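Report on the structure given below.
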Amino acid sequence: MALELRNVPLSEAVHLIAERAGVNVVLDADLSEPVSASLPSVTLDDALSIILAQNHLTLVKEEGDIFLVQRNDGSRPALATFQLRSVHAADVVENLTQLLGPEATVVADTNQNVILVNGTEAHAAMAREYLRGADRLKPQVLLEVRILEASLDDTFQFGITQHFDGSIDGNTWNVLQALATPGNNFSTTFDKPGDVNVTINALRDHVGLELISAPRVMAITNTQAKVEIVEQVPYIQTTSSVDTGASSSSFSQVEFKEAGIKLLVTPTVQEAGILQVDIDQELSEVVGTFLDVPIIDVRKFVTQFLVADRQTIVLGGLMQQGAQDKDRGVPGLERLPGLGRLFRADEDQSKRRELLVFLTPRILDPNQAASMAKELQSEYRQATRIMRSDLGQGRTEAEKE
């Protein structure tokens with residue numbers, strides 16, 4: 001059949017086609033908007049389907065042979081319930097409320113971890129689409145950290161530039177070049193994933209290195225992890241005396257200041273195994289006292305990286321200058337009374353201490369994270385047993401003495 005419609009009210013067009021097709025329809029809404037259609041060769045069923053689809057209508061079978069024509073533009077009232085599996089309902093309710101706007105009501109049932117949305121079908125569809133992406137297991141990141149202190153003197157820069165013979169790998173060379181360049185903080189990444197221990201051992205051949213700490217911290221993507229190696233430095237804030245006539249007593253109020261290393265790391269897992277790593281590093285040291293109150297020198301370093309999974313980041317530049325006297329001379333003759341000064345030279349040599357932080361993030365799936373957590377707990381228990389054993393052995397030897 002051929003069908004020509006020109007500015008016909010939608011309700012009349014639906015009734016006309018349904019009547020010719022022998023279908024009993026009931027309209028549940030005002031369908032007065034005009035429609036136009038030109039269908040030169042089409043069956044009645046197809047004509048009805050085309051008109052309904054073009055005008056966002058759907059045909060729902062009721063009892064008997066009656067069909068209900070409903071709008072499916074999302075404006076119908078709806079109450080939707082969503083059972084969450086991987087995230088907490090309280091963590092998504094605020095975002096959903098802002099997304100759906102004031103016309104919808106969002107309720108979080110934290111006891112059952114359920115989200116309820118009271119609004120329209122469109123609101124329910126938007127909530128469903130949002131939760132499809134949000135209600136997922138978040139990847140975890142294992143942050144392997146090694147914090148070392150490098151000791152450098154005046155001869156370091158000359159030595160590294162003159163004695164490099166090509167035997168140093170690229171990772172070690174990048175760190176040495178950064179250390180040899182005086183100035184501000186520096187940061188670099190390894191050219192390729194590798195064994196950090198190999199690089200650290202290679203660095204020991206050129207600078208003095210002392211391992212301060214080697215923590216490992218687990219963090220969920222886009223959440224902050226904290227590493228702190230600090231000590232509480234005590235000082236007397238106030239002293240007061242109480243005179244009772246027969247005797248007097250004095251009381252001191254002790255306060256504390258923190259000094260040490262603080263490292264705040266926020267890893268965010270992106271596509272293709274790439275991580276965005278935000279780092280906030282702080283070093284604080286006691287550099288003196290004023291009226292018996294410790295003077296704390298604080299240095300900070302804030303940076304951001306894009307690195308591949310298991311690639312190592314190296315941070316440096318938080319340093320302290322010092323000076324030391326060093327005698328150079330002819331062995332044996334330099335200490336002769338009186339004449340020894342002729343065979344030796346006294347020189348003041350500056351000493352620089354650099355804090356080096358090696359950070360390697362590793363992306364873990366839930367199974368790997370659970371296994372790694374057990375491994376870390378086992379290592380902690382083993383270290384605790386060794387420590388207790390050493391302490392017990394020390395007490396036994398002290399008792400024997």
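Model label points for Arg76 and Glu258, set 7 angstrom from Cα along the Cα-to-Cβ axis, are 5.7 nm apart.
Give me log10 I(q)/I(0) at q = 0.20, 0.27 Å⁻¹ for region 14-73, Debye formula, one equal scatterer per alpha-carbon, no solvent. For region 14-73, the Cα-only Debye profile gives -0.76, -1.34. For Asp309, nonlocal amide neighbours, meaning residues 5 or more places apart or on other chains whose placed amide H falls under 5 Å from its own, are Leu275.
For region 1-102, the residue among Ala78, Leu96, Asn7 whose Cα projects farthest onto the positive side of the dipole built from Cβ charges is Leu96. Residues of region 11-41 with an amide N closer than 16 Å to a point placed 7 Å from the Cα of Ile66 along the Cα-to-Cβ direction: 23-29.
The string of couplings for region 287-303 from the Karplus curve (6.51, -1.76, 1.60, θ = phi - 60°) is 10, x, 9, 9, 6, 6, 9, x, 9, 9, 8, 10, 10, 10, 8, 10, 8 Hz, one whole number per residue in order, with x for Gly and Pro. Kindly state, to the nearest 0.05, the FRET efficiency for Gln368 paired with Val302, given R0 = 35 Å and r defined as their beta-carbon distance. Plugging the Cβ-Cβ distance into 1/(1 + (r/R0)^6) gives 0.70. Distance distribution P(r), region 4-153, all Cα-Cα pairs, bin width 5 angstrom from 0: 2, 8, 14, 13, 9, 8, 9, 9, 8, 6, 4, 2, 2, 1, 1, 1, 1, 1, 0, 0 percent.
For region 232-237, 3J(HN,Hα) computed residue by residue from phi via the Karplus equation (6.51, -1.76, 1.60; θ = phi - 60°) reads 8, 9, x, 7, 8, 7 Hz, glycine and proline entered as x.
Shape descriptor for region 276-317: Rg over Rh equals 1.23 (Cα atoms; Rh from the Kirkwood inverse mean 1/r). Overall, region 2-158 carries a charge dipole of about 220 debye about its Cα centre when +1 sits on the Cβ of Lys and Arg and -1 on the Cβ of Asp and Glu, all other atoms neutral. Diagonalising the gyration tensor over the Cα atoms of region 111-150 and scaling each eigenvalue by 5 before taking the square root yields semi-axes of 42, 12, 8 Å, largest first. Backbone phi angles across region 353-361, fed through the Karplus curve with coefficients 6.51, -1.76 and 1.60 (θ = phi - 60°), yield HN-Hα couplings of 10, 10, 8, 10, 10, 9, 10, 10, x Hz in residue order; Gly and Pro are listed as x. Between Glu94 and Ala122, full extension at 0.36 nm per residue minus the direct alpha carbon distance yields a gain of 8.2 nm. For the pair Arg353 and Leu291, a Förster radius of 22 Å applied to the C-beta separation gives a FRET efficiency near 0.20, rounded to the nearest 0.05. Subtracting the Cα-Cα distance of Leu39 and Ala214 from 0.36 nm times their residue separation leaves 55.4 nm of extension gain. Note on Thr223 and His15: the extension gain reaches 69.0 nm, defined as 0.36 nm multiplied by sequence separation minus the Cα-Cα distance.
Only the coordinates and a few stated rules stand behind these numbers; no lab work does. Not measured: the values here are computed from a predicted model. Quick reminder, even Gly has a Cβ in these numbers, built from the backbone with ideal geometry, and neighbours come from all protein chains shown.
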